[in-house]
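Computed from the coordinates by the stated procedures, all read-outs in this text should not be read as laboratory data. All figures in this text were calculated on a predicted structure; none of them were measured in a lab. Heads up, the Cβs are rebuilt from the backbone with ideal geometry, glycines too, and the neighbour counts pull from every protein chain shown.
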Amino acid sequence: MFGSLLALALAQTVCAAPPGVSDLLDRNPRIVVVGETHGTAETPAAFARIVCEAAARGPVTVALELPQPMQPQLDAFLAADSETEARAALDGTWFMNPRIDDGRTSRAMLDMMQVVRRLRVERRDVAIVAFQPGSQRPREFPQSYYELDMGYLLSRAAIDRPQARVFALVGNIHAGKKENANFPGLGLPAAAHLPADETVTLYVAQQGGDAWNCTSDCGVHPVPARYDAEARGLVLGGYGDGAYDGVLALGPSTASPPVTRQATD
């Protein structure tokens, strides 16, 4: 009895999505793309709470910027009955490679994935899909082909599970709906290749703090304060000259190191 009450309390805590998320879910968009600065503790945690609240309303596909060849291991991770078994399912994969430390293999990311797995254990209809293209882009092809490929894989996530809403977590450059003048070789970002009227893109506000990523070398780097540091929650409305449909303000960020550094920190 106590265990059941504890599980319920934990589920209620996890599902405390940021303010404004319920209003977004009421709109029932088919695809929600969250554009983050890689390597923070706050964004994966907030994303987990958003997915949890969405899963309480219906089926959800979680799309992550992880290499597509990892899909069998992600399926095994999701099907695992315990956190230990789930982590073991990732052994030997790109996610557990100590040389990969650009923020997408952080402790916070693993914690978020474990939340999604627990939702499945609780018999929620959830899936995890990797949508980073698995084949290397030929050198003579510009980045725009990679973005097109990412957009296609995101659209497949929606098509393959038409009953589910897709919630994608990706670097903020890929999440835009318009060409980015700061990256002229990028072409149209991945999210721009999705149906605009069925897709909501959110920019995770940069409100100071730090993040673990590879902006120069790989490690802890400061995050610029470009948004009101006191703002919190989801604010719908055009941002970034219309590239995003809203902003997700989570406050100053904290760096989350790669999960492979757990034993040495």
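Tally Lys/Arg at +1 and Asp/Glu at -1 over every other residue whose Cβ is under 13 Å from the Cβ of Arg124; what's the total?
Numbers: positive: Arg57, Arg117, Arg118, Arg120, Arg123, Arg165; negative: Glu53, Glu122, Asp125.
Its environment carries a net charge of +3.
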Task: Estimated translational D of region 201-265 in µm²/s (Stokes, Kirkwood radius over Cα pairs; 20 °C; 1.002 mPa s) - done: 164 µm²/s
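What are the equivalent ellipsoid semi-axes of the chain, built from the alpha-carbon gyration tensor (square roots of five times its eigenvalues), in whole angstrom, biggest first? Working shown, then result.
Details: eigenvalues 131, 94, 82 Å².
Output for the chain: semi-axes of 26, 22, 20 Å.
Only helices at least 15 Å long along their axis, Cα-based, and averaging 0.0 or more on Kyte-Doolittle count here, so list those DSSP H runs from the chain.
Counting only whole DSSP H runs, the qualifying helices are 2-14, 42-55, 107-121.
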Open item on the list: Name the residue from Ser22, Leu234, Ala127 whose Cα lies farthest towards the positive end of the charge dipole of the chain, charges +1 on Cβ of Lys and Arg and -1 on Cβ of Asp and Glu.
Closed with: Ala127
